[in-house]
Amino acid sequence: MLTRIILLTALAACAIALPTSNRLRLRAGGPAIKPIPSTCNVTNALPITDCDSTFLPGPSTNDAVLYYAYYDSLSTNTTSLAEQCLQQCYGFGDSTQCKAAFWAENMVVPAGYYGSPGGNLETACLMFNRTLTSADFVVAPEGQATSPYAGNIEC
Ligand SMILES: *[C@@H]1O[C@H](CO)[C@@H](O)[C@H](O)[C@H]1NC(C)=O
Ligand SMILES: *[C@@H]1O[C@H](CO)[C@@H](O)[C@H](O)[C@H]1NC(C)=O
Ligand SMILES: *[C@@H]1O[C@H](CO)[C@@H](O)[C@H](O)[C@H]1NC(C)=O
């Protein structure tokens with residue numbers, strides 16, 4: 001419960017701090033999908049765990065968020081959608097700005113997202129201007145942040 005409150009507060013703070021242009025939905029024209037060259041290394045950033053918990057980026061990542069999008073996924077291919085998120089991270093700006101992407105289903109939409117009250121669960125793609133470590137993640141409330149993917153891009 002505490003985690004949830006902290007997270008909601010954190011996401012709400014992001015929604016206020018980020019410029020409007022960073023809050024476009026993927027389908028409304030997010031960063032271009034750009035294939036990641038094989039000269040770059042993509043590494044998993046999620047904590048390795050034996051338990052059933054899923055993880056989502058915690059408060060330590062608040063000031064590293066470059067872009068985020070929440071949407072109803074039309075595809076059930078989570079691998080493909082997570083890959084698209086990572087490739088959009090690479091396609092952000094001049095391809096050196098976005099260092100990590102997090103993708104998951106059932107993420108709480110922050111209040112104020114497109115003028116909505118938020119609070120509902122949607123698929124999310126979050127992009128960061130630095131690589132993430134397992135220490136950047138917090139345990140997600142049950143049923144949230146399902147099928148998570150987090151990748152660091154190092155070129
Ligand atoms: C990421 O963005 C934040 C907020 O704009 C900035 O304070 C921080 O220095 C940036 N970090 C990197 C590694 O560029
Ligand atoms: C899902 O997407 C991945 C990556 O694009 C692809 O390799 C895989 O074949 C797809 N799986 C299905 C069941 O379509
Ligand atoms: C990618 O990983 C390989 C093997 O660990 C390493 O030799 C190489 O320097 C890395 N490349 C980049 C761009 O980080």
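The values are calculated or read from the model by the stated rules, or taken from the named source; none is laboratory data. Owing to the predicted nature of the structure, the values given are computational and were not obtained by experimental measurement. Here Cβ is always computed from backbone atoms with ideal geometry, including for glycine, and neighbour counts include all displayed protein chains. With ligands, DNA and RNA removed, areas are computed over all heavy atoms of the protein, side chains included. Shrake-Rupley method; radii C 1.70, N 1.55, O 1.52, S 1.80 Å.
Measuring from label point to label point, each 7 Å out along Cα→Cβ, what is the Cys155 to Ile33 span in nm?
1.8 nm
Could you tell me what percent of the accessible area of the range 61-155 is made up of carbon and sulfur, with a 1.4 Å probe and every protein chain present?
Working: 1870 of 3850 Å².
After summing per-atom areas, the C and S share lands at 49 percent.
Kindly report the accessible area of the range 61-155 per residue (heavy atoms of protein chains, probe 1.4 Å, no ligands, DNA or RNA), in Å².
Numbers: 3850 Å² over 95 residues.
Heavy-atom accessible area per residue stands at 40 Å².
Tell me, what is the percent relative contact order of the range 71-155, built from C-alpha pairs under 8 Å that lie six or more residues apart?
Worked out over the range 71-155, it gives 34 percent.
Could you calculate the FRET efficiency of Asn41 with Asp63 from 1/(1 + (r/R0)^6), where r is the beta carbon distance between them and R0 is 35 Å, rounded to 0.05?
0.90
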